[in-house]
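Everything below concerns the one structure shown next.
All of the numbers you see were taken from the coordinates with simple rules; none came from a lab. Keep in mind that this is a model prediction, so the values were computed, not measured. Note: ideal-geometry Cβ built from the backbone for every residue, glycine included; neighbour counts use all protein chains shown.
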Amino acid sequence: MTTWTEQDAGRPITLTGDGGIDRDAHHRLDEAWLAAAWSHPSTRCFVVSGGQALVLDTDDGRTELVTTPTFDAPITEAHRYFLGTDAEGVRYFALQKDSLPGRMDDLARPAGLREAGALLGERDSALLVHAIALENWQRMHRFCSRCGERTVIAAAGHVRRCPACGAEHYPRTDPAVIMLVTDADDRCLLGRQVHWPEGRFSTLAGFVEPGESLENAVVREVAEEAGLVVGEVSYVGSQPWPFPSSLMLGFTARATGTDIRVDGEEIGEARWFSRDELRTAFESGQVLPPGGISIAARLIERWYGGPLPD
């Protein structure tokens, strides 16, 4: 196993960094400023479509988000979203289109966050998370929930306004708790959702219900999915998860018992693992770890004491 240090254990959760991007939210309603920013020769933009953008794998092993000067942008029938400004003063816009543009050199490839999230640098990752979250919301909330009229885009892509009743609608984020449960012997509980392939295990998770605290959501979800009562609940960190609009809130929780009773609807199987048992299961292929960009992987790593297999 790769040597694991305290610095490794505390490294940032994937997709959470701001990448040095100032979102400059106070400029979103200033149409003159936005027009000037768009026209500036240093401003860069990229197209987002269906949760994907173009990325480029460089000769030195890096993966970069493909951006272009705005004067080269394919703006026809595109919605324009202002994403922010980096430390060098470069402004970034995303263009939402029905398809990604072709590339003459054929070196760029389409990719979403699941494929490229762990490969991109912090700046590019932050830009892509922001753009995809806005695109998902814009595509799914085109009509006013009050009167049914088609809404129009405002605030540089961060608001939809209803011209009929005047309602303003803001990007939706669905909070979900995700938790690593341990028992008195410091074993961890991992579960397999019913639609996952055999051997795919991860932490338990579920959406927060109206009027519910995060801690209560952890207690309820563990009880519903695994039939376990948990006592101590501790917050670890959060991760934007725009698939399509979640915010994952990570916790650890200590179970008061060990008798697992899965619900059979969401969770088809759940097991306790010691560190040695999980290591053996990884090595044999009996257990497949969660995806590397997910906060689930980081929660397991903090307990496991080392990186999970790719």
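Numbers at a glance
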{"item": "Label-point separation in nm, Leu107 to Glu283, each point 7 Å along Cα→Cβ", "result": "4.2 nm"}
{"item": "Virtual spin-label span in nm between Thr256 and Val90, 7 Å along Cα→Cβ", "result": "5.5 nm"}
{"item": "Calculated FRET value between Arg161 and Asp57, using beta carbons and R₀ = 51 Å, to 0.05", "result": "0.80"}
{"item": "Computed FRET value (nearest 0.05) for Leu247 with Asp186, which takes r as the C-beta separation and R₀ as 25 Å", "result": "0.30"}
{"item": "Region 271-295 versus region 73-97: alpha-carbon centroid distance in Å", "result": "40 Å"}
{"item": "Sites Cys147 and Asp174, calculated FRET efficiency, Cβ-Cβ separation with R0 22 Å, nearest 0.05", "result": "0.40"}
{"item": "Under-5 Å amide H pairs with Leu204, H placed in peptide plane, nonlocal only", "result": "Met179, Val181, Gly191"}
{"item": "Nitroxide proxy distance, nm - points 7 Å out along Cα→Cβ at Glu115 and Glu224", "result": "3.4 nm"}
{"item": "Percent RCO, i.e. relative contact order, over the chain, from Cα pairs under 8 Å lying at least 6 residues apart", "result": "18 percent"}
{"item": "Per-residue [θ]222 nm for the chain (sum of -39500 (n - 2.57) over DSSP H runs n ≥ 4, rounded to 500)", "result": "-6500 deg cm²/dmol"}
{"item": "Label assignment, semi-axes √(5λ) of the Cα gyration tensor in Å derived from the structure, set [x] 35, 23, 20; [y] 59, 23, 16; [z] 39, 24, 16", "result": "[z]"}
